[in-house]
Amino acid sequence: MRRCPTRVSPFCIIRRNHWVTIAAGRGAAVIVETSKRFARMRGLGRPRGPARSRASHCPTAQGKGALMIESRYAQHPRHRARLATPLAHACWLGLALALAVGAAQARPIEMNTVPWAPFYGPDLKGQGFITAVTRAAFEEAGHNAQIEFMPWARAMLETKQGDRDLLMGAYYSAERADTYAFSDVIYETKVGLVALRDLGVERFDSLRDLTDYTIGYGRGWATTEEFDNADYLDKEAAKNNVLNVRKLYEGRIDMIAMNFDRFNQIVREEGLDPERAVFLEPALKTSGLYLMVSEAIDDTEQLVADFNQGISALRESGRYQGILQRYGLNTE
């Protein structure tokens with residue numbers, strides 16, 4: 001919500017992304033807000049000219065004012081004639097107010113992120129379990145959430161500018177929190193060391209205990225500050241972790257430093273035996289995945305609150321655990 005640019009009472013509702021925005025009250029005015037992005041999203045075609053808002057007063061025979069629809073539909077002379085009757089005024093006002101009340105409670109939500117299996121991606125079942133959980137949480141508030149996958153830098157920029165409502169599945173940082181509003185955690189994922197059981201190592205007290213082993217990692221990926229700076233370890237970089245998993249099962253390296261959920265995904269895709277692998281204790285870190293909501297949209301706080309309430313309801317009802325189980329995840 002944002003403050004109405006015209007003097008109307010008793011209320012004014014202006015919501016971004018809606019073709020028609022309603023304001024009603026003394027002198028009865030209607031604000032029409034044309035959004036190119038909403039028009040494209042709804043398949044209404046690209047409206048000509050810049051997005052604009054317009055208010056008009058409509059005197060009735062009683063002189064107290066009713067309603068004027070200043071839309072492209074109403075601009076046609078024949079359509080104006082149909083709308084220019086007291087009955088049409090009343091009908092349009094009732095419809096407009098009903099739509100306005102619904103819009104205040106639910107709306108389409110545009111999300112973006114980068115493909116990252118097994119969490120989310122265009123080719124995954126249901127576009128990934130994080131996508132499934134996020135959509136279900138928003139559905140609790142009546143919202144319809146849609147997602148588009150794109151490079152990470154572009155996703156962050158579009159969300160920052162308000163071209164998208166939110167970025168799905170981000171790690172929290174104080175720096176990011178200065179720019180975006182964060183939701184409650186969607187899912188916690190662990191990053192650590194993976195080895196084959198044949199190695200005979202299942203836990204360690206310090207990274208210095210592992211100096212006798214060759215540890216693979218993804219080139220360019222941050223693991224933890226301690227691991228990344230541990231020059232005393234025998235570390236071997238690969239361009240991606242698919243290669244690292246293959247090297248581990250072929251006996252060319254002893255361990256891999258990587259995300260445990262991502263490891264399980266690769267093992268399934270490569271047709272390897274997951275029972276041969278062990279995740280060393282303790283994990284190097286546990287990181288939560290969150291929504292980063294744009295601060296450039298009008299209802300930032302409301303979207304965060306709606307999501308937080310929704311995911312809380314999913315957990316309390318058991319639906320959250322059910323979604324994870326459908327995607328083959330351990331919910332213990």
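Only the coordinates and a few stated rules stand behind these numbers; no lab work does. Bear in mind that the values here come from a model prediction, so they are computed numbers and not experimental data. So basically every Cβ, Gly included, is an ideal-geometry build from the backbone, and we count neighbours across all protein chains shown.
Do the alpha carbons of any pairs in 160/235; 235/285; 160/247; 247/285 sit beyond 28 Å of each other, and which pairs?
Too far apart for the 28 Å limit: 160/235; 160/247.
Could you calculate the contour length gain from residue 329 to residue 125, that is, 0.36 nm times the residue separation minus the distance between their Cα atoms, to one decimal place in nm?
Stretched fully, the residue 329-residue 125 segment lengthens by 72.1 nm.
Output the Cα-based Rg and Dmax of segment 163-244 in Å, rounding Rg to one decimal and Dmax to a whole number.
16.7, 51
Volume per residue, Å³, of the convex hull around the alpha-carbon atoms of segment 188-286?
94 Å³
Using only Cα atoms, locate the centre of segment 115-134 and the centre of segment 269-332, then give the distance between them in Å, rounded to an integer.
11 Å
First measure r as the distance between the Cβ atoms of residue 296 and residue 144, then evaluate 1/(1 + (r/R0)^6) with R0 = 22 Å and state the FRET efficiency to the nearest 0.05.
0.60
Between residue 316 and residue 270, what is the spin-label point distance in nm, taking each point 7 Å from the Cα along the Cα→C-beta axis?
Rounded to a tenth, the inter-label distance reads 4.4 nm.
When we measure straight from the Cα of residue 125, which aspartates and glutamates land under 16 angstrom away, once same-chain ones fewer than 8 places off are left out?
Within the straight-line cut-off, residue 125 pairs with 148, 261, 269.
Give the calculated FRET efficiency between residue 197 and residue 153 to the nearest 0.05, with a Förster radius of 25 Å applied to their Cβ-Cβ distance.
So the FRET efficiency works out to roughly 0.05.
Which whole-number percent gives the relative contact order of segment 188-286, counting Cα pairs below 8 Å spaced six or more residues apart?
The value is 49 percent.
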